[in-house]
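Student: Quick one: structure below, then a few questions.
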Amino acid sequence: VQLQASGGGLVQAGGSLRLSCAASGSMVNIRGMGWYRQAPGNERELVAEITRGGSTNYADSVKGRFTISRDNAKNTVYLQMNSLKPEDTASYYCNARNSYGSIFWGQGTQVTVSS
């Protein structure tokens, strides 16, 4: 499984961005996809995740501001980020996990929120 993330950029506080992660390869056994982020000096942390059936889970810090969604037909997962804050600045990574426990990572896309 290959993952291609896009959509990062520079935005002012209060603004919005939408990240996309397109998956290719064998998706038959993919059970969930998600977004993680990592700021300099910090560990990578979960932002949001979604199962194939559409169940979602969010980090407390982004609840009510971020929305994860997926288009199974396009093998793409999205992260709509609204009301962005400077503390959301990080490299954002998408991942996918399959039913065997394997985890796949895409390259990071940088999100920078200016105050």
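Student: How large is the translational diffusion coefficient of region 66-110 in µm² per second when you combine the Kirkwood radius over alpha carbon pairs with Stokes-Einstein at 10 °C and 1.306 mPa s?
Tutor: After rounding, the answer is 129 µm²/s.
Student: If every alpha-carbon in the chain counts as one equal scatterer, what log10 I(q)/I(0) does Debye give at q = 0.10, 0.16, 0.18 1/Å?
Tutor: The computed values of log10 I(q)/I(0) come out as -0.26, -0.67, -0.84.
Student: In whole Å, what are the extents of region 16-58 along the principal axes defined by its C-alpha atoms, from largest to smallest?
Tutor: Here the spans come out as 36, 23, 22 Å, largest first.
Student: So for the chain, averaging the separation of alpha carbon pairs under 8 Å that are six or more residues apart and normalising by length, what relative contact order in percent results?
Tutor: 37 percent
Student: Loop only per DSSP, at most 12 neighbouring Cβ atoms within 10 Å: give me the GluC sites (Glu not before Pro) in region 31-92, ordered by residue number.
Tutor: Listed in order of number, the matching sites are E43.
Student: Another one. Given just the C-alpha atoms of region 28-79, how large is their convex hull per residue in cubic angstrom?
Tutor: It is 89 Å³ per residue.
Student: Sum up the charges of everything whose Cβ sits under 13 Å from the Cβ of E45, counting Lys and Arg as +1 and Asp and Glu as -1, but leave E45 out.
Tutor: Residues near E45 contribute -3 overall.
Student: Given the protein chains as shown and a 1.4 Å probe, how many square angstrom of T89 are accessible, to the nearest 10?
Tutor: About 40 Å², rounded to the nearest 10.
Student: Also, quick follow-up: Treating only the Cβ of Lys, Arg, Asp and Glu as charged (+1, +1, -1, -1), what charge dipole size does the chain show about its Cα centre? Round to the nearest 20 debye.
Tutor: With only Lys, Arg, Asp and Glu charged at Cβ, the dipole is about 280 debye.
The values are calculated or read from the model by the stated rules, or taken from the named source; none is laboratory data. Computed from a predicted structure; not experimentally measured. Cβ coordinates were reconstructed from backbone atoms using ideal geometry, including for glycine residues, and neighbour counts include every protein chain displayed. For accessibility, only protein heavy atoms count, side chains too; no ligands or nucleic acids. Shrake-Rupley method; radii C 1.70, N 1.55, O 1.52, S 1.80 Å.
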